[in-house]
Amino acid sequence: MTDAIGHGWVRPLPYGPVARCGGPGICSECAIELANLTRAVKELYYWQVHGPDATNFTAILYTLMQKGSHGNRERLGLGFPWELEAWRQWNASPTAEEFFAKFGFGVRSSPTKISESE
C-alpha cells in the first residue's frame, strides 16, 4: 500500500507538504477523503467505547490491527485503507480524547454502529 495517495490534507503524505487545492473545505477529492476517514474514525470510536461488546466486522478488524505485526497491518490496509489510516492517526495522537475530539466525538457521545453499506 502506498502512503502517497491524495493531496495530504486528510492523509499525511510521507514527504510532508500538501497540495494547493485548499483542503476538504474547497477540494471535492479531499472532501471525499475526509468523509471516508470520518466514517472509519466513527467505527474506531465505536470499537473503543463498546470494547468487547463491539463484535461487528470493523471492530474485529481494529482488534486485528491492534494485535497484528507491522506486515500484517499493511496487508489489512490493502483492503481497508481508511480503517488503517484512522488506526494510524489514533495511535500517533497524544491522547485518544484529543484524536476523537477532532472528529466531534467526546466522552458524552456514544455513536451507534453504522451500517456496513454506509
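Show log10 I(q)/I(0) for region 33-93 at q = 0.12, 0.13, 0.26, 0.29 Å⁻¹, two decimals, from a solvent-free Debye sum over equal Cα scatterers.
Results for region 33-93 at q = 0.12, 0.13, 0.26, 0.29 Å⁻¹ read -0.24, -0.29, -1.16, -1.36.
Rounded to whole Å and sorted largest first, list the principal axis extents of the Cα atoms in the chain.
Here the Cα extents, ordered largest to smallest, are 43, 34, 31 Å.
Read phi for every residue in region 17-34 and hand back ³J(HN,Hα) as whole Hz from Karplus 6.51 cos²θ - 1.76 cosθ + 1.60, θ = phi - 60°, with x for Gly and Pro.
Listing the rounded values in order: x, 10, 5, 7, 5, x, x, x, x, 10, 8, 5, 5, 5, 5, 5, 4, 5 Hz.
Rounded to the nearest 500 deg cm²/dmol, what is the calculated helix-only ellipticity per residue at 222 nm for the chain, with -39500 (n - 2.57) per DSSP H run of length n ≥ 4? Provide the component values of the computation, followed by the final result.
Values: 5 runs with 63 residues, N = 118.
Helix-only estimate at 222 nm: -17000 deg cm²/dmol.
None of the figures in this text is laboratory data; all of them are computed from the coordinates on show. This structure is a prediction, so every number in the text was calculated from the model and none was measured.
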